[in-house]
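> Encoded as structure tokens, here's the structure I'll be asking about.
The values are calculated or read from the model by the stated rules, or taken from the named source; none is laboratory data. All values derive from a computational prediction rather than experimental measurement. Reconstructed Cβ throughout: ideal geometry from the backbone, glycine too, with neighbour counts over all protein chains shown.
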Amino acid sequence: MECCNTKQPWYKKISTTLLGTGNCHGEVNQATQGLEKIALVGSPNVGKSVLFNILTGAYVTVSNYPGTTVEVSRGKGKIGTKEYEIIDTPGMYSLLCITEEEKVTRDLLLRESPKAVVHVVDAKNLQRMLPLTLQMIEGDVPVILVLNIMDEAESLGLKIDLKKLEAELGIPVLSTVAALNKGIEVLKERIGEYVYAA
Ligand SMILES: Nc1nc2c(ncn2[C@@H]2O[C@H](COP(=O)(O)OP(=O)(O)O)[C@@H](O)[C@H]2O)c(=O)[nH]1
Ligand SMILES: [Mg+2]
């Protein structure tokens, strides 16, 4: 990229690239600096970015994760009375990384220790997506499971017992239809309770 060739001091390039204080261009989202973090994770096409847009307002920044060409979006969102940095992470199927996107998301979870990690899944494909939830529970990641695209699951006649799933997994489980703005208030409440109780 053109601006990477500008005369930036070597120590700044190294610190922003290695320590993750911004991208290789030294950009930091000033609006969210110092805020506790909430990350949205999950496979591609499950509605993470739609949820991200609902949860965040202005001041969204999209930048390359340090040392990579993988983009991460960050924005400020209010949950209850508190403001958080909301992070829209690259698509991930498993914590046992294979793709660069998955490595970035795993690295981000390890380095940035979000207060809550919202695992967004397609309610139609719950079975295929639950292994990542289990991996995160095993890894002590503070995970909340969100069954999105519930409208399509229901029209296929799928019935999912959220309370039972919640009891089995031992984590908050809820459903949303992000595209129609449904379930968002409950999502915010559950995130707020979860972070508060941590
Ligand atoms: N029917 C339906 N479509 C949705 C819902 N949420 C998101 N989508 C659609 O799913 C597609 C992928 O969404 P996106 O947020 O880009 O997924 P991401 O790859 O996880 O970030 C888009 O076309 C959305 O409009 C939902 O609750 N119901
Ligand atoms: Mg997306």
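> Could you grab me the full set of residues in the stretch 133-152 that are in a helix (DSSP H, G or I) and more than 19 Å from ARG190 (Cβ to Cβ)?
The initial filter retains those residues of the stretch 133-152 that are in a helix (DSSP H, G or I), namely 133-138, 150-152.
Scanning the stretch 133-152 gives LEU134, GLN135, GLU138, ASP151, GLU152.
> In this structure, is ALA167 at pLDDT below 95 and of a type in the set (Gly, Ala, Ser)?
No: the conditions fail for ALA167.
> Test SER113 against the criterion of being of a type in the set (Gly, Ala, Ser) and within 16 Å of ligand 1 (Cβ to nearest atom), and give yes or no.
No, not satisfied.
> Could I ask something else about it? Give ALA179, ALA116 a once-over and let me know the one that is in contact with a Pro (Cβ under 7 Å, 6 or more places away or on another chain), of a type in the set (Gly, Ala, Ser) and within 20 Å of PHE52 (Cβ to Cβ).
On the way: ALA179 fails: in contact with a Pro (Cβ under 7 Å, 6 or more places away or on another chain).
The match here is ALA116.
> Also, I was wondering about something else. Do you know which residues across the stretch 78-95 are without any contact (Cβ under 8 Å) to a residue 60 or more places away in the chain, surrounded by fewer than 20 Cβ atoms within 10 Å (Cβ to Cβ) and part of a strand (DSSP E or B)?
LYS78, GLU83
> Residues in the stretch 147-185 that are among the aliphatic types (A, V, I, L, M) and closer than 19 Å to GLU85 by Cα: how many? Show your work before the answer.
Taking the stretch 147-185 and keeping what is among the aliphatic types (A, V, I, L, M), we get 147, 149-150, 153, 156, 158, 160, 162, 165, 167, 169, 171, 173-174, 177-180, 184.
Narrowing the set further to residues that are closer than 19 Å to GLU85 by Cα leaves 184.
The number of residues fulfilling the criteria is 1.
> Anything in the stretch 48-89 that is within 11 Å of ligand 1 (Cβ to nearest atom) and either more than 11 Å from the chain's Cα centre (by Cα) or more than 23 Å from VAL195 (Cα to Cα) (or both)? List them, or say none.
If the condition is that a residue be within 11 Å of ligand 1 (Cβ to nearest atom) and either more than 11 Å from the chain's Cα centre (by Cα) or more than 23 Å from VAL195 (Cα to Cα) (or both), then VAL50, ASN53, ILE54 are the ones that fit.
> Any residue at all in the stretch 37-45 that's assigned to a loop (DSSP other than H, G, I, E, B), at pLDDT 70 or above and touching a His at 6+ places or on another chain (Cβ under 8 Å)?
Scanning the stretch 37-45, I find at least one residue that is assigned to a loop (DSSP other than H, G, I, E, B), at pLDDT 70 or above and touching a His at 6+ places or on another chain (Cβ under 8 Å), so the answer is yes.
> Mind checking which residues of the stretch 96-133 are among the aliphatic types (A, V, I, L, M), in contact (Cβ under 8 Å) with a residue 24 or more places away in the chain and surrounded by fewer than 20 Cβ atoms within 10 Å (Cβ to Cβ)? First the steps, then the outcome.
Let us first name the residues in the stretch 96-133 that are among the aliphatic types (A, V, I, L, M), namely 96, 98, 104, 108-110, 116-118, 120-121, 123, 126, 129-130, 132.
Next, only the ones that are in contact (Cβ under 8 Å) with a residue 24 or more places away in the chain stay: 96, 104, 108-109, 116-118, 120-121, 123, 126, 129, 132.
Matches in the stretch 96-133: LEU96, LEU126.
> Among the residues in the stretch 56-77, are any surrounded by fewer than 17 Cβ atoms within 10 Å (Cβ to Cβ) and within 24 Å of VAL173 (Cβ to Cβ)?
No, every residue in the stretch 56-77 fails to be surrounded by fewer than 17 Cβ atoms within 10 Å (Cβ to Cβ) and within 24 Å of VAL173 (Cβ to Cβ).
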